[in-house]
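> Please read through the structure below; I'll follow up with questions.
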Amino acid sequence: MFADAELSDDKFLCGRLRLLQPLKGYRAATDPVLLAASCPVKPGDSVLDLGCGAGAAMLCLGHRVPGLDLAGLELQPAYAELARRNAERNRIAAEVHEGDIDRMPSSLRRDFDHVIANPPYYHAGGSPSPVAARSRAMRVDTPLSDWVAAAARRLRPGGWMTLICGSDGLPEVVSALAPKLGSATVLPLAAREGRPALRVIIQARKGGRAPFRLLAPFVIHQGPAHDGDRESYTPQANAILREGADLLALFR
């Protein structure tokens, strides 16, 4: 487990949510916030966060929509314990279980209205992080197709999977949707106008039959390049990342 001296106390959503995160290790940034903003939940829905880490995505979701039945699954015990601490300190009810997506605890073998996931996206090769927990959280050990299959197993008929990954993983995710998931929508995420989309959000429905949709890119930063310490988020990104707004209008 992490000692208090190994943790930072970080603000999310302009301080509406505060998360303890390891100073050395995987640290959540914008991805889990964007993931949570894309999930089409309503009060009373059940949500499973696969690979929940310190709880950023599910707790951002729980802050935006109160009254959810939140559950997280995390492989690394230290991060699972951190997610429990973060849920308690933010007064958001959530159960966090330790385990692998291919061998889920029996307590999670039930149907959920939504499954969300932010799988590791760095492929093997190159120099891994010297911090083992960070490397394990960010480097691909389990194929994206396995994450999709795990989500499909845990969704109720008509339930929604929402997943964020690198754009190079999009073909694998899309090919893994059939036969259980359909009605897929893909939202590319571009750092700036005119830049390639390096990440995507994929949403699909269990049993869905609607046509595949590829949306226009969502642009996160204004201007052609970073400009010192000036705020550079687009108004739409600022509303989501700082004010806790949702991205759902883009998916409708």
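> Restricting to the range 1-53, and then to whatever is among the acidic types (Asp, Glu) and touching a residue at least 40 places away in the same chain (Cβ under 8 Å), can you tell me which residue is surrounded by the fewest Cβ atoms within 10 Å (Cβ to Cβ)? Don't jump to the end; show me each part of the working.
Here is the first cut: in the range 1-53, the residues among the acidic types (Asp, Glu) are 4, 6, 9-10, 31, 45, 49.
After this cut, where a residue has to be touching a residue at least 40 places away in the same chain (Cβ under 8 Å) as well, the list is 31, 45, 49.
Details: ASP31: 17, ASP45: 19, ASP49: 31.
Selected residue: ASP31.
> Let me ask something else. Within the range 148-169, which residues are part of a helix (DSSP H, G or I), open to solvent by less than 40 Å² (accessible area, probe 1.4 Å) and over 18 Å from ARG110 (Cα atoms)?
GLY169
> Right, next: Quickly run through the range 172-209 and pick out the residues that are part of a strand (DSSP E or B) and either charged (D, E, K, R) or in contact with a His (Cβ under 6 Å, 6 or more places away or on another chain) (or both).
ALA191, ARG192, ARG199, ARG205, LYS206
> Quick check on GLY159: is it at pLDDT below 95 and farther than 19 Å from ASP102 by Cα?
Numbers: at pLDDT below 95: no; farther than 19 Å from ASP102 by Cα: yes.
No.
> Just for the range 64-116: of the residues that are among the basic types (Lys, Arg) and either part of a strand (DSSP E or B) or modelled with pLDDT of 95 or more (or both), which one is surrounded by the most Cβ atoms within 10 Å (Cβ to Cβ)?
The initial filter retains those residues of the range 64-116 that are among the basic types (Lys, Arg), namely 64, 84-85, 89, 91, 103, 109-110.
From what is left, the residues that are either part of a strand (DSSP E or B) or modelled with pLDDT of 95 or more (or both) are 64, 84-85, 89, 91, 103, 110.
Details: ARG64: 20, ARG84: 17, ARG85: 18, ARG89: 14, ARG91: 8, ARG103: 6, ARG110: 12.
Within the range 64-116, the match that is surrounded by the most Cβ atoms within 10 Å (Cβ to Cβ) is ARG64.
> The conditions are (1) within 20 Å of ASP146 (Cβ to Cβ); (2) open to solvent by less than 10 Å² (accessible area, probe 1.4 Å); (3) in contact with a helix residue (DSSP H, G or I) (Cβ under 7 Å, 6 or more places away or on another chain), and LEU61 fails exactly one of them. Which is it?
Exception for LEU61: condition (1).
The values are calculated or read from the model by the stated rules, or taken from the named source; none is laboratory data. The shown structure was predicted, so the numbers you read here are calculated from the model rather than taken from an experiment. Quick reminder, even Gly has a Cβ in these numbers, built from the backbone with ideal geometry, and neighbours come from all protein chains shown. In case anyone asks, the SASA skips ligands and DNA or RNA and just uses the protein heavy atoms, side chains included. Shrake-Rupley method; radii C 1.70, N 1.55, O 1.52, S 1.80 Å.
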